[in-house]
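For reference, the structure discussed in these notes is given below.
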Amino acid sequence: MSEKRIDFFERRKRLSSQLLEDSIVVVASSSIKSRNSDSDYPFRQDSNFYYLSGFNEPESIIVIRPFAENKKFVIFCRERDSLREQWDGFRSGQEGATQNFGADEAYGISLVDQIMPDLLEGARNIYYSMSSPNGINIRLHKWLDQIRVNKRQGSEVPENLLSLDSILDELRLVKTEEELFFMKKAGEITCGAHIRAMKSVSPGMYEYQLEAEYLHAFINEGARFPAYNSIVGGGNNACILHYNENNSELIDGDLVLVDAGCEYHHYASDVTRTFPVGKRFSEEQKKIYEIVLEAHKQASAEIKPGNPWNKAHNTAIKVITEGLINLGILKGNPDDLIERGEYLKFYMHRIGHWLGMDVHDVGNYKKNGKWRNLEPGMVLTVEPGIYILDTLEDVEEKWLGIGIRIEDDLLVTGSGNEVITANAPREIQDIENLKS
Ligand code: GLY
Ligand code: MN
Ligand code: MN
């Protein structure tokens, strides 16, 4: 598969066409965070910053000025420094920022307080990401104060600070062909990892050893980092939604739930499979699994353009409630049980979320108080589950400690959806065949 090049100029152009007149956009990068006195956490660029620039360095700020005659796109970034580069690695510097990242002008980040007021002056509106915890709001006020000081000399102070998020979130929510290339690749690598794990799991392994199979498969395919901390839960651990101690022994006769996905070129995948530690599902495990699988199928069928986002969720609740009634785990009339939320004891999260550069990606789920309709190009997860914690009372012992989730990544197409993570088996027979 050849690599795709993302057209960042086009992205900035699309954003610019949606701004109010005389507006400027300011976005700051992520920072490096120290892990211990020797090393840092792996650097992950702020998604909005990367989306608009492709620039992958910390201590940087981009400025987009569609209204201006010149300096329409400016990057502030670290200066070249041979000593620091020998220790910490390559820096693009200002020359690299203009030559390789399309900046009309680039400055050293150390000059930002000196230069930014001039760039802001003359704009009426300043858009910035209110959701980013990087302190850019405080810095903007400081720069505005600097402009105000010169007001009597004729400086024009911008009037409005506006949220960039609502506009940029909508752009990021609907994926382009280029983005889908990376998302599909992330999905493909993740499915390969699940297949590897299904084949290699065996009783007596520890959860972290199974996790290692995923990390190997991700990194070996060029996805250096998981998109989130992998959840590898054997037996009852599968019922703990955000379990990630991953330090228990995997026991013959138990299932193991693995929620793991890689990040590829800043795009996430998010896939859960639940499979036997040994060779086969038990009869009880099969019965619960089949309900979750049916919920997954029926919910997935509701992922199509024009359907409200919540429809898949309600479908899953119905299938799960009816399935649990059939097994005698819930007792009563399905509508009453749904009304009273009885299913929440066994299925306590939503059907899924938007997926993209972030695992729980940006984009509103409601518009004007109503669940929004799906549109082609949106990518979302479908991830129903049933979790029967071993401490639950009023549930027959044979069901206790079974936790199952099946999660896939779906692209809304013109007529329905495409499951971009379909390569990892979901059917009981297909999973068991892999292990024989
Ligand atoms: N892996 C996080 C989630 O499934 O939402
Ligand atoms: Mn998910
Ligand atoms: Mn997940």
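Residue under question is GLY369, and the condition is that it be crowded, with 17+ Cβ neighbours inside 10 Å and either at pLDDT 95 or above or more than 24 Å from SER202 (Cα to Cα) (or both); does it hold? For GLY369, the condition - crowded, with 17+ Cβ neighbours inside 10 Å and either at pLDDT 95 or above or more than 24 Å from SER202 (Cα to Cα) (or both) - is not met.
Here the condition is being within 24 Å of LEU168 (Cα to Cα), within 16 Å of ligand 2 (Cβ to nearest atom) and of a type in the set (Gly, Ala, Ser); of GLY352, GLY385, GLY377, GLY369, it holds for GLY352 alone.
Output the residues belonging to region 327-356 that are in contact (Cβ under 8 Å) with a residue 12 or more places away in the chain and more than 16 Å from ligand 1 (Cβ to nearest atom).
LEU327, GLY328, ILE329, LEU330, PRO334, LEU337, ILE338, GLU342, TYR343, LYS345, PHE346
Filtered by the rule that a residue be of a type outside the set (A, V, I, L, M), part of a strand (DSSP E or B) and either under 30 Å from ASP46 (Cβ atoms) or within 29 Å of the chain's Cα centre (by Cα) (or both), region 236-288 gives ASP259, CYS262, GLU263, TYR264, TYR267, THR272, ARG273, THR274, PHE275, PRO276.
In the set (1) over 16 Å from GLY356 (Cα atoms); (2) within 16 Å of ligand 2 (Cβ to nearest atom); (3) surrounded by 24 or more Cβ atoms within 10 Å (Cβ to Cβ), ASN229 fails one condition alone, (3). All conditions but one from (1) in contact with a Lys or Arg (Cβ under 9 Å, 6 or more places away or on another chain); (2) modelled with pLDDT of 95 or more apply to VAL157; the one that does not is (2). Checking each residue in region 357-372 for being away from ligand 1 (no atom under 16 Å from the Cβ), in contact with a strand residue (DSSP E or B) (Cβ under 8 Å, 6 or more places away or on another chain) and not charged (D, E, K, R) picks out only TRP371. The residues on offer are LEU389, LEU324, LEU293, and the sole one that is in contact with a Cys (Cβ under 6 Å, 6 or more places away or on another chain), under 27 Å from TYR243 (Cβ atoms) and in contact (Cβ under 8 Å) with a residue 24 or more places away in the chain is LEU389.
The values are calculated or read from the model by the stated rules, or taken from the named source; none is laboratory data. All values derive from a computational prediction rather than experimental measurement. No Cβ is skipped: glycine too gets one built from the backbone with ideal geometry, and neighbour counts run over all protein chains shown.
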